[in-house]
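Asks: Have a look at this one.
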Protein chains: 2
Amino acid sequence: MQRLPGFRDFYPEPLPHKDVWSADARNWLFNRWRETARRYGFREYDGPPLEPLELFTLKSGGEIVGQLYNFKDKGDRDVAMRPEMTPTLARMIAAHERQYKKPVKWFAVPQLFRYEKQQKGRLREHFQFNADIIGESNAGIDAELIALVIDTLRATGLTEEDFVIRLSSRNAWQEFFEKHDGKPDQAYEFYQAVDKLERSSPEESAKKFAAVGMSLDAVNAFIETGEPTGELQSVLDQLIARGLGAFVKIDYQIIRGLAYYTGTVFEAFDRKGEFRAIAGGGRYDNLVKLISGGKVDLPAIGFGMGDVVLMELLQSRGKLPEFKPGIDVYVLIEDESLRAESLKAIQQLREAGRAVEFSAAPTKGDKQFKRAQELQATATLRLESKAGVITFRLKNLESREEVVMSVEAFSNWLRG
Amino acid sequence: MQRLPGFRDFYPEPLPHKDVWSADARNWLFNRWRETARRYGFREYDGPPLEPLELFTLKSGGEIVGQLYNFKDKGDRDVAMRPEMTPTLARMIAAHERQYKKPVKWFAVPQLFRYEKQQKGRLREHFQFNADIIGESNAGIDAELIALVIDTLRATGLTEEDFVIRLSSRNAWQEFFEKHDGKPDQAYEFYQAVDKLERSSPEESAKKFAAVGMSLDAVNAFIETGEPTGELQSVLDQLIARGLGAFVKIDYQIIRGLAYYTGTVFEAFDRKGEFRAIAGGGRYDNLVKLISGGKVDLPAIGFGMGDVVLMELLQSRGKLPEFKPGIDVYVLIEDESLRAESLKAIQQLREAGRAVEFSAAPTKGDKQFKRAQELQATATLRLESKAGVITFRLKNLESREEVVMSVEAFSNWLRG
């Protein structure tokens, strides 16, 4: 019995096999995400992992269905496992936006699903840190969101030498397209060609641009100039004011493939260019209106940061911490007549917040001690009874120091 | 565009509508679950929310398919969204059990899915705290697991007046069944009838018992006696030694519906009997062997605790804390010429761990202050410039106390 291809099992460390992922590292990463979001004043939300299929096709068109885990449920509804979070967010915001002061700053850590060919950094599911700011079009908000991307990556231990945010603008490309007499109905095709530029041969790209009345030379010249728009300059200035200037650069090669982006767009990459994008996002000022059927019209900007590429990068750069079992006290029960008293002590230790392990079945003393060592317990506790008086022997396993305590002294130590 | 029936949207508090759930309360509950598991020495794991259909039918038979979100994926595989965690755990343990010292103490917080009729306390998805101990058959382990159930519920603020663990044993019922000459192939049917006893009329139950050669009177007499087996007595004794005796009672009406339970079984209920079971579990000593195709044979015991019933109970007993936006400092930018310096201060505050909010777009001063109050910020910070020298005015919004700091004093305060 095997798990499905492209899906992951998460085990506690040390990992039993190179084919499985670390549950400890995953939780550590989620905590970094949540902690940074908290410092930026973002609130957490979540929606269902299963949604009506239409929620996703409405935004991305019918082509997306080929990449979805979609099916008919037992009530004959067309449903799909969520491939991204933004449509759910737009649906949730549209339903209750009046109850929230703008701008709304929300984040989520959903698991997302796509039926795709597996590649390096790309599985059939991943977890994604999604953060969005809704209801404000000022470029200061773009800077705030990009600062969150930067500080989230910094919270994992990465520095300006490890990653960079490539900053671009749909508006800049829109202007370029109009200046070169592009036809509005070919704009998306043009964006797609720009998006594929890095991964296509010059011949291929030249052909694609010619098909929409553009020239590869003009496109390349525009990218090379890299003159920031007024909006991008404002974003840059505000990131520099925060001391985050070294983490960003203008790069018009970035345009984002999806149809719905409107203004600022960006992607985070490792500096060495060894990995796929670590994060990506941008403005989508028309999407809430689209999803709400015109009911609610709010500007928005957001990003997604997946766990797969980021984990690969952190691992390759040696940034992942070591994860231990985290046992504070291992209670040794060498004398079965003291099991009841030992259980009482275990309960007291746990109620005082300590992580406690012990052998629940009668076991030889040396085996218990060996287990305490394997678990890297900070200390062992052993009860002793002499003439009906119980003493507590607490031994620090690193310093080998031992403290002998009476019942009262043990109680005091617990409180301290 | 609506979410699917039986699925939930989780919003930040205050909630915009009675029809949605609190993301803050959910995170608070997950933290209680994880924190208690840590104190008990459990390690977290997770598996895929989508598994081969066979993983679930192998254990529960084909009938379960009627309740599953199952479908054929684009690779023509029969797959299902997980309705429970135990088969995934058994699969993961069977794959790598040699790498782990026994007993293995693991927990997970999966989201689970069932296509069922919606009822109070029962939706089509829920989150479940799943904890299992694998590789030890001693009753001391049963006590350890049940103590975890109790302390997890206590960690949410519930007391012995709010809930009780009803403790029973498949072995006791097995003995009863054999003593009354039950036929082995009717044992499961008999267990099912016991399981439904509380929710069935005496006539219905009498008929079901007669069909397997048993009498309702004998069954009722056995339940009334409630004599603990040796095994259950040992579990009880060890819970009493921990000071947790008041949280449990022997109750043979509990038997658990699923086929695979073997020894100790239990369910947690609110004392007033207003809600469905809060948690349930038991021994399943043969399941790992079944799932691993006979490759690995390990005894096991585990439980599941769902979030839906527990949240309803906590709400009704007034045990849920109040959740605030959690903003430490709201930075007021009343003078646009100080925006760059203010952004620098915001960055410093966040790097020092503070949760900071501000208006990223130019906004009237009184509107900013009103927003700080709405967010229940602990303090406001305002920069002032006089003759080119910047001072920092930090005001505690509760005490109304204001501190005026120089650049150096502000840096010192950040570190302190």
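Asks: Between A:Asp185, A:Asp162, which is more than 14 Å from chain B (Cβ to nearest Cβ) and surrounded by fewer than 17 Cβ atoms within 10 Å (Cβ to Cβ)?
Replies: A:Asp185
Asks: Next question. Might you let me know whether the stretch A:197-208 holds any residue that is touching a residue at least 24 places away in the same chain (Cβ under 8 Å), under 30 Å from A:Arg317 (Cα atoms) and surrounded by fewer than 18 Cβ atoms within 10 Å (Cβ to Cβ)?
Replies: yes
Asks: Within the stretch B:58-75, take every residue that is part of a loop (DSSP other than H, G, I, E, B) and within 24 Å of B:Leu123 (Cα to Cα) and give me the one that is nearest to the other protein chains (Cβ to nearest Cβ).
Replies: Among those residues, the one meeting the criterion is B:Tyr69.
Asks: Could you list, in sequence order, the residues of the stretch B:110-122 that are part of a loop (DSSP other than H, G, I, E, B), modelled with pLDDT of 95 or more and more than 10 Å from chain A (Cβ to nearest Cβ)?
Replies: Residues satisfying the conditions are B:Pro110, B:Arg114.
Asks: Can you pull out every residue in the stretch B:39-63 that is surrounded by 18 or more Cβ atoms within 10 Å (Cβ to Cβ) and of a type in the set (D, E, K, R)?
Replies: B:Arg39, B:Arg43, B:Glu44, B:Asp46, B:Glu51, B:Lys59
Asks: Checking B:Leu244 against (1) at pLDDT 95 or above; (2) within 22 Å of B:Tyr188 (Cα to Cα); (3) surrounded by fewer than 23 Cβ atoms within 10 Å (Cβ to Cβ), which test does it fail?
Replies: Failing condition for B:Leu244: (2).
Asks: Can I ask one more? Is it fair to say B:Leu55 is among the aliphatic types (A, V, I, L, M), within 7 Å of another protein chain (Cβ to nearest Cβ), in a helix (DSSP H, G or I) and farther than 30 Å from A:Phe42 by Cβ?
Replies: For B:Leu55, the condition - among the aliphatic types (A, V, I, L, M), within 7 Å of another protein chain (Cβ to nearest Cβ), in a helix (DSSP H, G or I) and farther than 30 Å from A:Phe42 by Cβ - is met.
Asks: Find the residue count for the stretch B:18-38, including only residues that are surrounded by fewer than 22 Cβ atoms within 10 Å (Cβ to Cβ) and touching a residue at least 24 places away in the same chain (Cβ under 8 Å).
Replies: Number satisfying all stated conditions: 9.
Asks: Somewhere in the stretch B:278-295, is a residue among the basic types (Lys, Arg), crowded, with 21+ Cβ neighbours inside 10 Å, within 26 Å of B:Tyr100 (Cα to Cα) and over 18 Å from the mean Cα position of the chain (by Cα)?
Replies: Checked against the condition, which is being among the basic types (Lys, Arg), crowded, with 21+ Cβ neighbours inside 10 Å, within 26 Å of B:Tyr100 (Cα to Cα) and over 18 Å from the mean Cα position of the chain (by Cα), the stretch B:278-295 yields at least one hit.
Asks: How about the stretch A:220-238: which of its residues are touching a Leu at 6+ places or on another chain (Cβ under 9 Å) and either outside the structural domain of A:Ala172 (by TED's automatic domain parsing) or closer than 19 Å to A:Ile165 by Cβ (or both)?
Replies: Matches in the stretch A:220-238: A:Ile223, A:Pro228, A:Leu232, A:Val235, A:Leu236, A:Gln238.
Asks: A follow-up question, please. Taking B:Ala387 as the residue in question, decide whether it is surrounded by fewer than 20 Cβ atoms within 10 Å (Cβ to Cβ) and small (Gly, Ala, Ser).
Replies: Judged against the criteria, B:Ala387 is a match.
Asks: Among A:Asp185, A:Asp195, A:Asp217, A:Asp181, which is the only one that is modelled with pLDDT under 95, over 27 Å from A:Leu145 (Cα atoms) and assigned by TED's automatic domain parsing to the domain that holds A:Gly263?
Replies: A:Asp185
Asks: So if I check each of B:Gln253, B:Gln348, which one is outside the structural domain of B:Tyr191 (by TED's automatic domain parsing) and not basic (Lys, Arg)?
Replies: B:Gln348
Asks: For the stretch B:271-369, list the strands (runs of 3 or more DSSP E) that sit wholly inside it and hold at least 2 residues that are more than 14 Å from chain A (Cβ to nearest Cβ); which are they?
Replies: B:279-283, B:300-306
Asks: Check A:Met85, A:Met92 and return the single one that is more than 7 Å from chain B (Cβ to nearest Cβ) and either under 17 Å from A:Met305 (Cα atoms) or modelled with pLDDT of 95 or more (or both).
Replies: Step by step, each of A:Met85, A:Met92 is checked, and only A:Met85 is more than 7 Å from chain B (Cβ to nearest Cβ) and either under 17 Å from A:Met305 (Cα atoms) or modelled with pLDDT of 95 or more (or both).
Asks: When you check A:Phe190 against the structure, is it more than 10 Å from chain B (Cβ to nearest Cβ) and buried (at least 21 other Cβ atoms within 10 Å of the Cβ), yes or no?
Replies: Yes.
Asks: Could you count how many residues in the stretch B:2-49 are at the interface with another protein chain (Cβ under 7 Å from one of its Cβ atoms) and not in a loop (DSSP other than H, G, I, E, B)?
Replies: So the count comes out to 9.
Asks: B:Leu148 - would you say it is more than 9 Å from chain A (Cβ to nearest Cβ), in contact with a strand residue (DSSP E or B) (Cβ under 7 Å, 6 or more places away or on another chain) and either of a type in the set (Gly, Ala, Ser) or in contact (Cβ under 8 Å) with a residue 24 or more places away in the chain (or both)?
Replies: Here the answer is yes, as B:Leu148 does meet what is asked.
Asks: Could you check the stretch B:81-109 and list, in sequence order, the residues that are in a loop (DSSP other than H, G, I, E, B) and of a type outside the set (A, V, I, L, M)?
Replies: B:Arg82, B:Pro83, B:Glu84, B:Tyr100, B:Lys101, B:Lys102, B:Pro103 - these are the residues of the stretch B:81-109 that are in a loop (DSSP other than H, G, I, E, B) and of a type outside the set (A, V, I, L, M).
Asks: Just the residues that are within 14 Å of chain A (Cβ to nearest Cβ) and either part of a loop (DSSP other than H, G, I, E, B) or out of contact with any strand residue (DSSP E or B) (no Cβ under 7 Å at 6 or more places or on another chain) (or both), please, taken from the stretch B:207-258.
Replies: B:Gln233, B:Ser234, B:Asp237, B:Gln238, B:Ile240, B:Ala241, B:Arg242, B:Gly243, B:Leu244, B:Gly245, B:Ala246
For every residue, the table says whether it meets (1) assigned by TED's automatic domain parsing to the domain that holds A:Met85; (2) at pLDDT below 95; (3) of a type outside the set (A, V, I, L, M).
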position: A:Val309; (1), (2), (3): yes, no, no
position: A:Glu357; (1), (2), (3): no, no, yes
position: A:Leu383; (1), (2), (3): no, no, no
position: A:Asn396; (1), (2), (3): no, no, yes
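Asks: Check the stretch B:142-152 and report whether any residue there is among the hydrophobic types (A, V, I, L, M, F, W, C), buried (at least 18 other Cβ atoms within 10 Å of the Cβ), in the same structural domain as B:Tyr69 (by TED's automatic domain parsing) and outside any helix (DSSP H, G or I).
Replies: No, the stretch B:142-152 contains no residue that is among the hydrophobic types (A, V, I, L, M, F, W, C), buried (at least 18 other Cβ atoms within 10 Å of the Cβ), in the same structural domain as B:Tyr69 (by TED's automatic domain parsing) and outside any helix (DSSP H, G or I).
The values are calculated or read from the model by the stated rules, or taken from the named source; none is laboratory data. It should be emphasised that the depicted structure is a prediction, and the values quoted were computed from it without experimental measurement. With ideal geometry, Cβ positions are generated from the backbone for all residues, glycine too; neighbour counts draw on all protein chains shown.
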